[in-house]
Amino acid sequence: MIMGPVIRILRQTDGVAAAEMALVTPLLITLMFGSFELGNYFLSEHVVVKAVRDGARYAGRLSFTEYDCSAPSSDAIDKTRNVTRTGQVASGGAARLTGWTSPATITVSVNCSATTTGGIYKDKTGGAPVVTVSASVPYSSLLGTVGLANPSLTLNAQSQSAVHGI
């Protein structure tokens, strides 16, 4: 007698799909937004790496007069930072990434390779100057607007180029 209603309840299949969807939906939403955030992270990292390469390429084509073996000129540093951060030589351009507001996140240094003294470097005392451009940019998360971002993430990139003195 008691088993009859229990068996009827156990055989009931109405609403099973809704219950399964209610259980799976949080996992699907987490996967979806996690995929968006991961894609944004890789895109931002790619932009920073490309920007640093562009900056090193620009700095490598500046005149030899902009460099000695200890440091580049302040004009070369400023222009290289502008090219790296905005893609423009002149200051005031829009940053390549949201949140990349400070040019101080970009470091420009030069070292001389004493073993390279031939060709276009034959008249250079100390050898061939090699410019290194590096950047450490704070990552702007997509989920930062809802408070789920880690504010301590940074995107780091570095690139080198020999100075050609063009």
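What list of ³J(HN,Hα) couplings, whole Hz, do you get for the range 21-34 from phi and the Karplus terms 6.51, -1.76, 1.60, once you set θ to phi - 60° and write x for glycine and proline?
Once θ is set to phi - 60°, the couplings for the range 21-34 become 5, 5, 6, 8, 4, x, 5, 5, 5, 4, 5, 5, 5, x Hz.
Taking LYS50 as the anchor, which lysines have their alpha carbon closer than 28 Å to its alpha carbon, excluding any fewer than eight residues away along the same chain?
LYS50 reaches LYS79.
For labels at THR98 and THR25 in the simple 7 Å Cα→Cβ model, what's the distance in nm?
The modelled label-to-label distance comes out at 2.7 nm.
Throughout, read-outs are computed from the coordinates displayed, never taken from laboratory work. The shown structure was predicted, so the numbers you read here are calculated from the model rather than taken from an experiment. Here the Cβ is made from the backbone with ideal geometry for all residues, glycine too, and neighbour counts use every protein chain on show.
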